[in-house]
Amino acid sequence: MSHTVTIETEVKDASAVEAACRRLGHSAPVIGEHTLYSGRYTGLAVQLPGWHYPIVCDLKTGEINYDNFEGLWGDQQHLDRFLQGYAAEKTRIAARAKGYTAVEQTLPNGCIAVEIRVGGAA
């Protein structure tokens, strides 16, 4: 039986953030206080390619703070790819925790389909 799920991503899992960074070839995320244009934010910072400031993930609330100055300081596509990678990695981690297998496929439109197989059968 197949089910389709739509995910609204909240970034709360440091392991999934680290895995998404590895997946995309980004440098490792850094925990601490980080400066954006208009202030300082505490959380797990990820430096996206070509972005002037990092994105800062508040793991308690799931919110992401960033300033890309409407695309002038960073391409929104990089954030979208990071969120997609985070969601796929978080799904894999959750599946493994239950003893399931997650099989991933990148679709022609760039979306990622993750199939969860109960019982770990690959």
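Compute the signed sum of charges (Lys and Arg +1, Asp and Glu -1) over the other residues within less than 14 Å, Cβ to Cβ, of Ala113. Working shown, then result.
On the way: positive: Arg92, Arg117; negative: Glu104, Glu115.
Around Ala113, the surrounding residues sum to 0.
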Assigning unit charges at the beta carbon (Lys, Arg +1; Asp, Glu -1) and nothing else, what dipole magnitude in debye, to the nearest 20, does the chain show about its Cα centre? 520
If you fit an axis through the alpha-carbon atoms of helix 14-24 and take the longest principal axis of the Cα set of the chain, what angle between them do you get, 0 to 90°, nearest 10? 90
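At most 12 other Cβ atoms within 10 Å and a DSSP loop assignment: could you name the chymotrypsin sites (Phe, Trp or Tyr not before Pro) in the stretch 70-122 that fit? Walk me through the numbers before you get to the answer.
Details: sites: Trp73, Phe82, Tyr86, Tyr100; in loops: Trp73, Tyr100.
Answer by residue number: there is no such site.
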Ellipticity estimate at 222 nm from DSSP helix runs (n ≥ 4, -39,500 (n - 2.57)) divided over the chain, nearest 500: -9000 deg cm²/dmol
With a 1.4 Å probe and all protein chains left in place, how much of the accessible area of the chain comes from carbon and sulfur atoms, in whole percent? 51
Once phi is turned into θ = phi - 60°, what whole-Hz ³J(HN,Hα) does the Karplus curve with 6.51, -1.76 and 1.60 give for every residue of the stretch 86-97, x standing for Gly and Pro? 4, 4, 5, 5, 5, 5, 4, 4, 5, 5, 4, 4
Residue among Cys111, Cys21, Cys57 with the largest mean-square fluctuation in a Gaussian network model of the chain, springs linking Cα atoms under 10 Å: Cys111
Put +1 on the Cβ of every Lys and Arg and -1 on every Asp and Glu Cβ in the chain; which of Ala19, Thr42, Ile64 then has its Cα farthest towards the positive end of the dipole? Ala19
Over the chain, what portion of Cα pair distances is larger than 21 Å, expressed as a whole percent? 41
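The values are calculated or read from the model by the stated rules, or taken from the named source; none is laboratory data. None of the values given here were measured: they were computed from a predicted structure. For neighbour counting, all protein chains shown are included, and Cβ atoms are generated from backbone atoms with ideal geometry for every residue, glycine included. These accessible areas exclude ligands, DNA and RNA; they are computed on the full protein's heavy atoms, side chains included. Shrake-Rupley method; radii C 1.70, N 1.55, O 1.52, S 1.80 Å.
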